[in-house]
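The values are calculated or read from the model by the stated rules, or taken from the named source; none is laboratory data. In this text, all values refer to a predicted model and were calculated from it rather than measured experimentally. Backbone-built Cβ (ideal geometry, glycine too); neighbour counts: all protein chains shown.
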Amino acid sequence: MIGQKKIADGLAAADKAKADLVAVERRVQDELVKAKDVASDVRSSAEKQGATLIEEARAEAARLIAQAREAAEAEAGAAMQRARDSLREEVAALAVKGAQQILSREINAQAHAELLANLKKEL
């Protein structure tokens, strides 16, 4: 009888162990599913964050390009104005030189000087 009791107790323990194993396997599967879900959420979040960072970098690059373009256009405009001013001064100097040559030959130097002064102002 004692032997049968031991066998029965052993079989009961084996059945309980088998049931515990099934329960543990179920919990492991549940944890794997949860872990996969968390990993998927992390990946999705990382992709969204990456896309946001890329978009922000593009916007910043566009802003810097526009800023550089504006600075270059302003510098080009200033350089063009300096060139115009320089040419205007050279033309005026040539006009004065020509006027001086004319005035040195003319009798009415005062009239020619006024004309050249007006011409210089217009240039």
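I'm trying to understand the selection: among the residues of region 41-100, which are of a type in the set (Gly, Ala, Ser) and closer than 30 Å to GLU114 by Cβ?
If we filter region 41-100 for residues that are of a type in the set (Gly, Ala, Ser), which is where we start, we get 44-46, 50-51, 57, 59, 61-62, 66, 68, 71-72, 74, 76-79, 83, 86, 92-93, 95, 98-99.
The answer is ALA83, SER86, ALA92, ALA93, ALA95, GLY98, ALA99.
Please indicate, with yes or no, whether at least one residue in region 3-17 is at pLDDT 85 or above and not polar (S, T, N, Q). For region 3-17, residues at pLDDT 85 or above and not polar (S, T, N, Q): present. Take GLU73 and decide whether it is over 30 Å from LYS120 (Cβ atoms), out of contact with any helix residue (DSSP H, G or I) (no Cβ under 6 Å at 6 or more places or on another chain) and part of a helix (DSSP H, G or I). So GLU73 passes the test. When region 92-108 is filtered for residues that are at pLDDT below 75 and within 16 Å of LYS120 (Cβ to Cβ), the ones remaining, listed by number, are ALA99, GLN101, ILE102, LEU103. Please verify whether ARG27 is over 25 Å from the mean Cα position of the chain (by Cα) and free of Cβ contacts under 8 Å to residues at least 24 places away in the same chain, treating the condition exactly as stated. Yes, satisfied. Would you confirm, using the coordinates I've provided, whether GLN29 is surrounded by 10 or more Cβ atoms within 10 Å (Cβ to Cβ) and within 30 Å of LYS121 (Cβ to Cβ)? No: the conditions fail for GLN29. Of the listed requirements (1) modelled with pLDDT of 90 or more; (2) exposed (fewer than 10 other Cβ atoms within 10 Å of the Cβ), GLU122 misses just one: (1).
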